[in-house]
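In what follows, a structure is listed as structure tokens, so that the remarks can point back to it.
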Amino acid sequence: MLGKLYAKWMYAWETALTTRDTNRIVRPLEWGEDWLSDFIPPGSLPEASALDRMVRLNQNLAEQAHSFFGYETPSDFRLEHRHPQLFPTNVRPETLEQDAEWKRQAESGELSAVEFLRFTSPVRTRYPENDIVNARWYPAPEPSVHKKARQGGRPKQAMIVMPQWNADAFSHNALCTLFNRFGISALRLSKPYHDVRRPAELERSDYAVSSNIGRTIAACRQAVVDIRSCIDWLEQQGYEQFGVLGTSLGSCYAFIAAAHDPRLRVCAFNHASTWFGDVVWTGQSTRHIRASFEQEGVTQDDVRRIFTSVSPMSYMDLFAAQRRQVLVVHATYDLTFLQEFSLDVLKNFDRLGIDYVSKVLPCGHYTTGETPYKYMDGWYLGSFVYNAFKKLAHNPALASSSLQSQASR
């Protein structure tokens, strides 16, 4: 009885959090083949329906994934100093007041400037602001002479952190500060169309996931390539061991990046699913996108197939081919990444013999960011990353991937 009451309360709380924003827009369905034109063979299925062409294109992209997610290392890496800004994605009064307060502190000199890694993404879009990658840089402090002697030449280690869809620019910054305490540097990477990369016409980061199929797929490609480019910069700075942490949509991007880049030896997936399309169709936070599909008679099975190329399930075998340390966190009462999809991830990890740690939160997707669950989640993520990098430092065999990574780019 108590369990049923708790579940009812949690679902009500989760629903309240996912419905409080009023600026979700139902846009028309667009197939967006023009966003993927470089990967469409000339004369490909000219008589087929738009749905059939997109399904076939996704099959081809998944089969040619090394090319699709391949890239050339950027040549314009630079560090910029500027005041952090919130870049909110909702118009709630309390959020706008918080944004105004941060701007006031920056103007008055109360807020210090911080470092951001900037470079031009190897994947270009129609939005110049989106194509300049942005990652807040959290370098770990130099250890003392005594600590250096005790650690015995510990390799330089770094995490790339990708928050959830529609995250503001401060989301997950606390995790980066925590990693610094462990001697691990961090790049908090802004996803495509997020915060400073968001086009001026948007209130939300809608172009990352929308009813424009091709643009959504292209955004995933750009995110994966941006992650890998960040590793390139870190290597140039002398870092040797790398990990990635992704939350929600960020976990999808992080998984695909790790599947294609063996340099990522520590992987923390905070809310995970096998099929991109299933989350779009069933999730509360994407109900406006589902409405666009339903208006055109597109089914859940169709949506799964038209997002095959950006689904973690398509790259399970590739991910399993490398030895890694993996954490998967999921929530029992998740209405955005349904628990059945997260359990499917674990089932496939078991099938493929992937060594992983599973942690379960007694909350939902959005309530993960609320007290006390955010502290539980932070403990799971922080303790895992700390122990994983400690193992890497003392076991070079776990981290030997540099030669393989050169062949994968």
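The values are calculated or read from the model by the stated rules, or taken from the named source; none is laboratory data. Predicted model only: the values in this text are computed from it and were never measured. No Cβ is skipped: glycine too gets one built from the backbone with ideal geometry, and neighbour counts run over all protein chains shown. Areas reflect the complete protein model, heavy atoms only, side chains present, ligands, DNA and RNA absent. Shrake-Rupley method; radii C 1.70, N 1.55, O 1.52, S 1.80 Å.
Of the listed peptides 166-174, 303-311, what is their order by residue-averaged count of other C-beta atoms within 10 Å, with the highest listed first?
303-311, 166-174
So what is the relative contact order for the stretch 117-224, in percent, with contacts set as C-alpha pairs under 8 Å and at least six apart?
30
Assign unit charges at the C-beta atoms only (+1 for Lys and Arg, -1 for Asp and Glu), then state the dipole size of the stretch 81-138 relative to its Cα centre in Debye, rounded to the nearest 20.
320
Quick check: pseudo-label points 7 Å beyond the Cα along Cα→Cβ at S112 and E33, how many nm apart are they?
The modelled label-to-label distance comes out at 5.4 nm.
Read through the labelled values (i) 31, 23, 19; (ii) 31, 26, 23; (iii) 36, 22, 21 and report the label of the one computed as semi-axes √(5λ) of the Cα gyration tensor in Å from the structure.
(ii)
Put +1 on the Cβ of each Lys and Arg and -1 on the Cβ of each Asp and Glu in the chain; which of W35, I184, L17 then has its Cα farthest toward the positive end of the dipole?
Of the options given, the answer is I184.
Compute the FRET efficiency between K374 and V26 as 1/(1 + (r/R0)^6), taking r as their Cβ-Cβ distance and R0 = 51 Å, and round to the nearest 0.05.
Working: r = 31 Å, r/R0 = 0.60.
Taking R0 as 51 Å, the efficiency between K374 and V26 is 0.95.
Give the residues of the stretch 174-199 whose amide nitrogen is closer than 17 Å to a point set 7 Å from the Cα of S383 in the direction of its Cβ.
Of the residues in the stretch 174-199, 178-179, 182 have backbone N under 17 Å from the label point off S383.
Using a Gaussian network model of the chain with C-alpha springs under 10 Å, which one of P128, P199, P262 is most mobile by mean-square fluctuation?
P128
Between the stretch 322-343 and the stretch 257-278, what's the alpha-carbon centroid distance in Å?
After rounding, the separation between the Cα centres reads 11 Å.
Any lysines with Cα under 26 Å of the K156 Cα? List them, leaving off those in the same chain fewer than 8 positions away.
Answer for K156, where 26 Å is the Cα cut-off: K147, K148, K191, K390, K391, listed by chain and number.
Rounded to the nearest 0.05, what FRET efficiency is calculated for L343 and A200 with R0 set to 35 Å and r the Cβ-Cβ distance?
That pair, L343 with A200, gives E of 0.30.
Gaussian network model of the chain, Cα springs within a sub-10 Å range: biggest mean-square fluctuation belongs to which of G109, G183, G283?
For the chain, modelled as a Gaussian network with Cα springs under 10 Å, the answer is G109.
Any idea how far apart T177 and Q98 come out in nm if each label point goes 7 Å out from Cα toward Cβ?
1.4
Spin-label point model (7 Å from Cα, Cβ direction): what's the V91 to Q64 distance in nm?
4.2
On the principal axes of its Cα set, how long, how wide and how thick is the stretch 13-92? Give whole Å, largest value first.
48, 40, 21
For the chain, which whole-number percentage of the solvent-accessible area (1.4 Å probe, protein heavy atoms only) is attributable to carbon and sulfur atoms?
C and S atoms contribute 52 percent here.
About its Cα centre, how strong a charge dipole does the chain have in debye, to the nearest 20, once Lys and Arg get +1 and Asp and Glu get -1 at the Cβ?
For the chain, the charge dipole is close to 1400 debye.
Work out the length of the dipole vector of the stretch 155-200 about its Cα centre, built from +1 on the beta-carbon of each Lys and Arg and -1 on the beta-carbon of each Asp and Glu, and round it to the nearest 20 debye.
120
All other residues with a Cβ under 10 Å from the Cβ of L264 taken together, and with Lys, Arg as +1 and Asp, Glu as -1, what is their net charge?
Once positives and negatives cancel, what remains is +3.
Can you tell me the relative contact order of the chain? Whole percent, Cα pairs under 8 Å, sequence separation 6 or more.
Result for the chain is 18 percent.
According to the square roots a ≥ b ≥ c of the eigenvalues of the Cα gyration tensor, what is the shape class of the stretch 52-200, taking rounded for a/c under 1.5, prolate for a/b larger than b/c otherwise, and oblate for the remainder?
Working: a/c = 2.12, a/b = 1.16, b/c = 1.83.
Since a/c reaches 1.5 but b/c is at least a/b, the shape of the stretch 52-200 is classed as oblate.
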